[in-house]
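Asker: Have a look at this one before I ask anything.
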Amino acid sequence: SSGINAEYGNEFIKDDGSTQILSQNDIEEMKAKGVRGDEIVKTLVENSTSFNVKTEFSKAKWLKKKISKHQPNVIVKKPSIRLFATSSISKFRPDILAKMINNANLWPGSKAIVVECKDDLLTSAVSQRTGESGTVVQVFKQRLPHIMHCKWLDFTQKHLDSLKYYPVKFLGKLKPGNQEENEDGTENPDEESGEKTQELGKRKRDKKPSLKFEDYVQAYELLSKTKFDSLVVSAFYDPFPVLELLWDSLRPSGNLVIHTEYLSVVLQCANFVHNQGCSELSVVDQWFREIQVLPGRTHPDMRMQTGGGFILSCTKLCEGMYEHGSDVPIVEMQEPVKVNRDTVE
């Protein structure tokens, strides 16, 4: 085929560095003098004794490797959810994030609860869909909520004000029968003691700030009195206790989406929502495969993730009759008027 020369080949090339006349010190000196990257690559080609022996395919591959090493390019892009999801810092695969946002059925002005412990990429994606007129409550497990991606997306101050944060340790207050171990919301002093003796010569570490319920009263009022349109959960820990506590905060016809890596946890959540009442219940094992498409070289990517986890999605159903646009059921129905036929003339 084109690119393969019968007179040349890679079988006799020694890949031990002896075919390059320039040493690493020579290359470093060129960089120190301010020599451009394209000139360095050109010098490497001229001082390579095996470059002309390589096949056309090997030459292109070798040049691509040297250009990426000695001639880097910096591209400035505007931050976006798609850019974050496809970057190396993302803990979400782009197909997983797209599937969850699609199944959550978000729209401008809707209200959503997001439970995540990885970063705020999911919260940022949900908030971008709901817009300034919407409401998003992030339930976090760590000491402080993640707001990194929200700042990078350059949301307006009104948009940032629509984001609320609530610790997962205070979710028990949403149920009347649950009591926190400490009524003031502080942590158990046995877990972290700031009065431990410190060795001489060592700097005393600052005590980590404890979570106080008074700082999240506004978010608590929202979760306890507002019915939300969507509940999106993605966490490393077991999401079933969180689902039990937040199920009542989801309005009828609201959408539930849960992402987890364990099938047993998904089945437990599926049984719960099935018994509570739901429709369109589905559990999907999300699978994603990258394909390299090049002239004469189309094959799957050599390094891929085997699986992205399981996604549970459903729509909440409730018994009773509701007026159009209302989340409050009609408790008392008007009884039909009974007519006594004996009194009718």
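The values are calculated or read from the model by the stated rules, or taken from the named source; none is laboratory data. It should be emphasised that the depicted structure is a prediction, and the values quoted were computed from it without experimental measurement. As a convention, Cβ positions derive from the backbone with ideal geometry for all residues, glycine included, and neighbour counts pool all protein chains shown. We work out accessible area using only protein heavy atoms, side chains counted, and drop any ligands, DNA or RNA first. Shrake-Rupley method; radii C 1.70, N 1.55, O 1.52, S 1.80 Å.
Asker: I'd like the Karplus ³J(HN,Hα) series for segment 151-163: coefficients 6.51, -1.76, 1.60, θ = phi - 60°, whole numbers in Hz, and an x wherever there's a Gly or Pro.
Answerer: Computed from phi, the couplings for segment 151-163 are 6, 5, 6, 6, 5, 6, 5, 5, 5, 5, 5, 6, 8 Hz.
Asker: Okay, next question. Residue by residue through segment 45-61, what is 3J(HN,Hα) from phi via Karplus (6.51 cos²θ - 1.76 cosθ + 1.60, θ = phi - 60°)? Round to whole Hz and write x for glycine and proline.
Answerer: Each residue of segment 45-61 in turn: 5, 5, 9, 9, 7, 10, 5, 6, 8, 5, 6, 4, 5, 5, 5, 5, 5 Hz.
Asker: With only Lys, Arg, Asp and Glu charged, each at its Cβ (+1 for the first two, -1 for the last two), find how big the charge dipole of segment 56-131 is about the Cα centre; round to the nearest 20 debye.
Answerer: Roughly 500 debye, rounded to the nearest 20.
Asker: Please list, ordered by chain and number, the residues whose modelled amide H lies under 5 Å from the amide H of GLY254; skip anything fewer than 5 residues away on the same chain.
Answerer: LYS316
Asker: Once you have the Kirkwood Rh of segment 210-261 from its Cα pairs, apply Stokes-Einstein at 20 °C and 1.002 mPa s and quote D in µm²/s.
Answerer: It diffuses with D of about 174 µm²/s by this estimate.
Asker: Which ³J(HN,Hα) values in Hz, rounded to whole numbers, follow from the phi angles of segment 308-318 under the Karplus curve 6.51 cos²θ - 1.76 cosθ + 1.60, where θ = phi - 60° and Gly and Pro get x?
Answerer: Result, rounded to whole Hz: x, x, 10, 10, 9, 9, 6, 10, 6, 10, 9.
Asker: Now a separate question. Leaving out ligands, DNA and RNA but keeping every protein chain, what accessible area does THR43 have, in Å² rounded to the nearest 10, with a 1.4 Å probe?
Answerer: Taking all protein chains as shown, THR43 has close to 40 Å².
Asker: Ranked by accessible surface with a 1.4 Å probe, highest first, in what order do ARG93, ARG143, ARG82 come?
Answerer: From most exposed to least exposed: ARG82, ARG143, ARG93.
Asker: If ligands, DNA and RNA are left out, what is the accessible area of HIS274 with a 1.4 Å probe, given in Å² to the nearest 10?
Answerer: 120 Å²
Asker: List every residue whose amide H lies under 5 Å from the amide H of PHE236, counting only residues 5 or more places away in sequence or on a different chain, with H placed 1.01 Å from N in the peptide plane.
Answerer: The list, which skips near neighbours in sequence, is CYS117.
Asker: Here's another thing I want to ask about it. SER279 accessible area, nearest 10 Å², 1.4 Å probe?
Answerer: Number for this one is 40 Å².
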